[in-house]
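Enquirer: Right, I'll just put the structure down here and ask away after.
The values are calculated or read from the model by the stated rules, or taken from the named source; none is laboratory data. These numbers were taken from a predicted model, which means no experiment stands behind them. Positions of Cβ are backbone-derived with ideal geometry, glycine not excepted, and every protein chain shown enters the neighbour counts. The area values use the complete protein model at the heavy-atom level, side chains included, leaving out ligands, DNA and RNA. Shrake-Rupley method; radii C 1.70, N 1.55, O 1.52, S 1.80 Å.
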2 protein chains.
Amino acid sequence: MPDENPHHEQPSGIYLISPSGAVRDPQTIELAAQRLKAMGFKVAVDRTALAVHERFAGTDAQRLAAISRALKQKHPVVMATRGGYGLSRLLSRIDWRAVADSGKTFIGQSDFTVFNLALLAQTGAVSLAGPTAVFDFGGKNVDDLTQALFQEMLSHDLEILSFETEDADPVDARGVLWGGNLAMVASLVGTPYLPRVPGGILFLEDVGEHPYRIERMLTQLWHAGVLAEQNAIVLGKFTEYRATAHDNGHDLDAVVRWLRQTVKVPVVTGLPYGHVKVKATLPVGASIGIATEAGLAHLVLQEHHH
Amino acid sequence: MPDENPHHEQPSGIYLISPSGAVRDPQTIELAAQRLKAMGFKVAVDRTALAVHERFAGTDAQRLAAISRALKQKHPVVMATRGGYGLSRLLSRIDWRAVADSGKTFIGQSDFTVFNLALLAQTGAVSLAGPTAVFDFGGKNVDDLTQALFQEMLSHDLEILSFETEDADPVDARGVLWGGNLAMVASLVGTPYLPRVPGGILFLEDVGEHPYRIERMLTQLWHAGVLAEQNAIVLGKFTEYRATAHDNGHDLDAVVRWLRQTVKVPVVTGLPYGHVKVKATLPVGASIGIATEAGLAHLVLQEHHH
């Protein structure tokens, strides 16, 4: 999958913050910090990373203060401990210019999608969609490929991400990569926090959403004019929903067929991304290339070797 | 609750169509037709009302044709047999001008919210949010109040709808009544099918949506500028979600408190509307008045006695 070309140094430190849901088990953070240290990173944990208010990792004021502290501390990478829910209600109170100007590399997924996208919409700055501390580094095992892709993205060594795809439409294009969790992307439609990305490469995943709901969210993006202006739609993993007898064949494949019939944009399936163990780290807001051949898709993250 | 003043004649006939989910048990339609006839309506059932394609009541083409037939048949009222999912993907293929010009009174709820709102957005025409054949008239019992409010709305006899409210904010205003199922309202944000209703009276309900999801959908309406420009937000019933220990107090009351703190618009709870037995029939797109007093809220549907 990734090119093995480790001639860049990886960033030296990671700062962990909790902008969304409360961390349920502090030991997962402890374990994640150990894992990240073993990879060669210095690690610092924000002082309210374990705070709890209702279902959130602290009050809105506490989580906003954690984001502000993350901009000022010394480590170049800021990672969300986990997703959940909580960033949506903070979007209008985050100083996006200050986030972009900090030069920090932000990374997270799921609820963090709204952070990735609001930052892009408000400033054009790039951030990462990828592992979170609890989900990817705080459990029993760490997936080797997830770890390798994470490290290579941080050290700018990943030039092409290739993955198997069963039925990708032919495409050979460039565009700005953007997207993330479909429910969170859809939740930004019509707000100042959805980036406008004509000619973009839109990647989507979701968890626990029934196929009819996935279709309904895609329909919103379609009716809002978002889908038609993309150069490609790249589907990651849609997991943990429960089909019912009433679906009567309206399954995920039916939704993808409907999407292809409805929107005349190349659809590429199989992206290793989502609420799954094996996940790529993806640069949201970066200009990339995409190409498919028989059974294989390539995301060209860097055009030239340095 | 309603004024008893039956000096208008009620419309003579109801035409049943299935624009959304497949009807699971044909006997519910049979029973609903009998109930509606017993109320004094003539009833006709569209010829594909019982069609099935995947989870839908027929293919997209069949459901679109059913809507077209409904415009041309003789009965003045067109009622959806049920909700489910299916209208979203038809919105760009419905001739909304023809729907408005037909002069028919359309009624439904849940998935039908997107029909109510798209019609209002595209033409300004009024339609009804209220009972559906299967849910309200096709089951073991029919709720007396639901039936009375439905008949009085159709015969224009309902002047004031009053309901108990535990904690309504003070309000005395006029505006266009609009809204419906929150998930469906949110799914239209950023599309040509969400009406712009400054100074409106927005009513919302939902079923099977967890409080954090209800808040996330409200957040989308907030960030899109929809909530701040309303004269009142009227909450119906939010039912059938399952709270978890992780919510840790982030329940529906917490969401309503957050809504009040976040948006400086009067919030009125207790509207008898939702996925519940006792429901009002509401004119979506009509200019109405709203007023609250101790423990009571009033929707003034008609200013003057005729």
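Enquirer: So is A:Val43 open to solvent by 10 Å² or more (accessible area, probe 1.4 Å) and either out of contact with any Pro (no Cβ under 7 Å at 6 or more places or on another chain) or not assigned by TED's automatic domain parsing to the domain that holds A:Gly236 (or both) or not?
Expert: So A:Val43 passes the test.
Enquirer: Need pairs with beta-carbon distance below 6 Å; first residue in the same structural domain as A:Gly83 (by TED's automatic domain parsing) and within the range A:123-134, second among the aromatic types (Phe, Trp, Tyr) and surrounded by fewer than 24 Cβ atoms within 10 Å (Cβ to Cβ); sequence gap 6+ or separate chains.
Expert: Taking only residues 6 or more apart or on different chains, the pairs are A:Thr123/A:Trp96.
Enquirer: Here's something else I'd like to know. Looking at this structure, is B:Gly58 among the small types (Gly, Ala, Ser) and more than 29 Å from A:Asn248 (Cα to Cα)?
Expert: Criteria not met by B:Gly58.
Enquirer: So B:Ile201 passes all but one of these: (1) of a type in the set (Val, Ile, Thr); (2) more than 14 Å from every other protein chain (Cβ to nearest Cβ); (3) surrounded by fewer than 24 Cβ atoms within 10 Å (Cβ to Cβ). Which condition number does it fail?
Expert: With respect to (1) of a type in the set (Val, Ile, Thr); (2) more than 14 Å from every other protein chain (Cβ to nearest Cβ); (3) surrounded by fewer than 24 Cβ atoms within 10 Å (Cβ to Cβ), B:Ile201 is out only on (3).
Enquirer: What number of residues within the range A:100-111 are open to solvent by less than 40 Å² (accessible area, probe 1.4 Å) and more than 12 Å from chain B (Cβ to nearest Cβ)?
Expert: Here is the first cut: in the range A:100-111, the residues open to solvent by less than 40 Å² (accessible area, probe 1.4 Å) are A:100, A:102, A:104, A:106-111.
Of the ones still in play, those that are also more than 12 Å from chain B (Cβ to nearest Cβ) are A:100, A:102, A:104, A:106-110.
Number of matching residues: 8.
Enquirer: Would you check if A:Ala61 is out of contact with any Ser or Thr (no Cβ under 9 Å at 6 or more places or on another chain), within 14 Å of chain B (Cβ to nearest Cβ) and not basic (Lys, Arg)?
Expert: Details: out of contact with any Ser or Thr (no Cβ under 9 Å at 6 or more places or on another chain): yes; within 14 Å of chain B (Cβ to nearest Cβ): yes; not basic (Lys, Arg): yes.
Considered against the rule, which asks whether it is out of contact with any Ser or Thr (no Cβ under 9 Å at 6 or more places or on another chain), within 14 Å of chain B (Cβ to nearest Cβ) and not basic (Lys, Arg), A:Ala61 comes out as yes.
Enquirer: Same structure again: Here is a check on your reading of the model: is B:Gly274 touching a Phe, Trp or Tyr at 6+ places or on another chain (Cβ under 6 Å), modelled with pLDDT of 95 or more and not charged (D, E, K, R)?
Expert: no
Enquirer: Looking at B:Arg174, B:Arg213, B:Arg196 in this structure, which one is of a type outside the set (Gly, Ala, Ser), open to solvent by 10 Å² or more (accessible area, probe 1.4 Å) and assigned to a helix (DSSP H, G or I)?
Expert: Numbers: B:Arg174 fails: assigned to a helix (DSSP H, G or I); B:Arg196 fails: assigned to a helix (DSSP H, G or I).
Of B:Arg174, B:Arg213, B:Arg196, the one residue that is of a type outside the set (Gly, Ala, Ser), open to solvent by 10 Å² or more (accessible area, probe 1.4 Å) and assigned to a helix (DSSP H, G or I) is B:Arg213.
Enquirer: May I ask you to verify whether A:Val234 is modelled with pLDDT of 95 or more, more than 7 Å from chain B (Cβ to nearest Cβ), over 18 Å from the mean Cα position of the chain (by Cα) and open to solvent by less than 40 Å² (accessible area, probe 1.4 Å)?
Expert: The answer is no for A:Val234.
Enquirer: Tell me, please, whether a residue that is away from chain B (no Cβ under 14 Å) and of a type in the set (D, E, K, R) can be found in the range A:208-222.
Expert: no
Enquirer: Residues in the range B:95-144 that are farther than 23 Å from B:Lys37 by Cα and of a type in the set (A, V, I, L, M): how many?
Expert: Count: 11.
Enquirer: Does at least one position in the range A:80-99 carry a residue that is at pLDDT 95 or above, more than 14 Å from chain B (Cβ to nearest Cβ), surrounded by fewer than 19 Cβ atoms within 10 Å (Cβ to Cβ) and under 19 Å from A:Val300 (Cα atoms)?
Expert: no
Enquirer: Within the range B:237-254, work out how many residues are assigned to a loop (DSSP other than H, G, I, E, B) and either away from chain A (no Cβ under 12 Å) or touching a Lys or Arg at 6+ places or on another chain (Cβ under 9 Å) (or both).
Expert: 7
Enquirer: Being under 16 Å from B:Asp25 (Cα atoms) and of a type outside the set (Val, Ile, Thr) is the filter here; which residues of the range B:121-140 pass it?
Expert: B:Ala133, B:Phe135, B:Asp136, B:Phe137, B:Gly138, B:Gly139, B:Lys140
Enquirer: Within the set of pairs 6 or more residues apart or between chains, which connect a residue that is among the basic types (Lys, Arg) inside the range A:91-113 to a residue that is not in a helix (DSSP H, G or I) with Cβ atoms less than 9 Å apart?
Expert: A:Lys104/A:Tyr15; A:Lys104/A:Gln73; A:Lys104/A:His75; A:Lys104/A:Pro76; A:Lys104/A:Val77; A:Lys104/A:Val78; A:Lys104/A:Ser127
Enquirer: Same structure again: I need the full set of residues from the range B:267-296 which are without any contact (Cβ under 8 Å) to a residue 12 or more places away in the chain and either under 12 Å from B:Asp167 (Cβ atoms) or assigned to a loop (DSSP other than H, G, I, E, B) (or both), in order please.
Expert: Taking the range B:267-296 and keeping what is without any contact (Cβ under 8 Å) to a residue 12 or more places away in the chain, we get B:293-294.
Answer for the range B:267-296, where residues must be without any contact (Cβ under 8 Å) to a residue 12 or more places away in the chain and either under 12 Å from B:Asp167 (Cβ atoms) or assigned to a loop (DSSP other than H, G, I, E, B) (or both): just B:Ala294.
Enquirer: Taking only pairs six or more apart or across chains, which ones have beta-carbon atoms under 7 Å, a first residue in the range A:174-192 that is within 19 Å of B:Glu209 (Cβ to Cβ), and a second residue that is small (Gly, Ala, Ser) and open to solvent by less than 10 Å² (accessible area, probe 1.4 Å)?
Expert: Sorted first by the residue in the range A:174-192, then by its partner, the pairs are A:Val185/A:Gly179; A:Ser187/A:Ser88.
Enquirer: Does the range A:255-264 contain any residue that is within 14 Å of another protein chain (Cβ to nearest Cβ), within 23 Å of A:Ser110 (Cα to Cα), at pLDDT 95 or above and in a loop (DSSP other than H, G, I, E, B)?
Expert: Checked the range A:255-264: no residue is within 14 Å of another protein chain (Cβ to nearest Cβ), within 23 Å of A:Ser110 (Cα to Cα), at pLDDT 95 or above and in a loop (DSSP other than H, G, I, E, B).
Enquirer: For the structure I just gave you, tell me whether A:Val284 is over 27 Å from B:Arg89 (Cβ atoms), buried (at least 22 other Cβ atoms within 10 Å of the Cβ), in contact with a helix residue (DSSP H, G or I) (Cβ under 7 Å, 6 or more places away or on another chain) and not assigned by TED's automatic domain parsing to the domain that holds A:Thr146. Working first, answer last.
Expert: On the way: over 27 Å from B:Arg89 (Cβ atoms): yes; buried (at least 22 other Cβ atoms within 10 Å of the Cβ): yes; in contact with a helix residue (DSSP H, G or I) (Cβ under 7 Å, 6 or more places away or on another chain): yes; not assigned by TED's automatic domain parsing to the domain that holds A:Thr146: yes.
The answer is yes for A:Val284.
Enquirer: Also, quick follow-up: So B:Ala243 clears everything in (1) touching a helix residue (DSSP H, G or I) at 6+ places or on another chain (Cβ under 9 Å); (2) open to solvent by 20 Å² or more (accessible area, probe 1.4 Å); (3) at pLDDT 95 or above except one condition, right? Which one?
Expert: The single condition B:Ala243 does not satisfy is (3).
Enquirer: Going through B:Gly180, B:Gly225 one at a time, which residue ends up being buried (at least 22 other Cβ atoms within 10 Å of the Cβ) and at positive phi?
Expert: Numbers: B:Gly225 fails: buried (at least 22 other Cβ atoms within 10 Å of the Cβ).
Result: B:Gly180 is the single residue among B:Gly180, B:Gly225 that is buried (at least 22 other Cβ atoms within 10 Å of the Cβ) and at positive phi.
Enquirer: State all residues of the range A:297-306 that are in a loop (DSSP other than H, G, I, E, B) and surrounded by fewer than 22 Cβ atoms within 10 Å (Cβ to Cβ); if no residue qualifies, say none.
Expert: A:Gln302, A:Glu303, A:His304, A:His305, A:His306
Enquirer: When both residues are 6+ apart or on different chains and their Cβ atoms are under 7 Å apart, which pairs have a first residue that lies in the range B:238-266 and is closer than 15 Å to B:Asp206 by Cα and in the same structural domain as B:Ala224 (by TED's automatic domain parsing), and a second that is part of a helix (DSSP H, G or I) and of a type outside the set (A, V, I, L, M, F, W, C)?
Expert: Filtered contacts from the range B:238-266: B:Tyr241/B:Pro211; B:Asp251/B:Pro211; B:Leu252/B:Pro211; B:Val255/B:Pro211; B:Val255/B:Glu215.
Enquirer: Next question. Considering the range A:177-193 alone, what residues qualify as being in a strand (DSSP E or B) and touching a Ser or Thr at 6+ places or on another chain (Cβ under 8 Å)?
Expert: Within the range A:177-193, A:Leu177, A:Gly179, A:Gly180, A:Asn181 meet the criteria.
Enquirer: Please go through the range A:160-201 and pick out each residue that is modelled with pLDDT of 95 or more, more than 29 Å from A:Gly86 (Cα to Cα) and touching a helix residue (DSSP H, G or I) at 6+ places or on another chain (Cβ under 9 Å).
Expert: If the condition is that a residue be modelled with pLDDT of 95 or more, more than 29 Å from A:Gly86 (Cα to Cα) and touching a helix residue (DSSP H, G or I) at 6+ places or on another chain (Cβ under 9 Å), then A:Leu161, A:Asp169 are the ones that fit.
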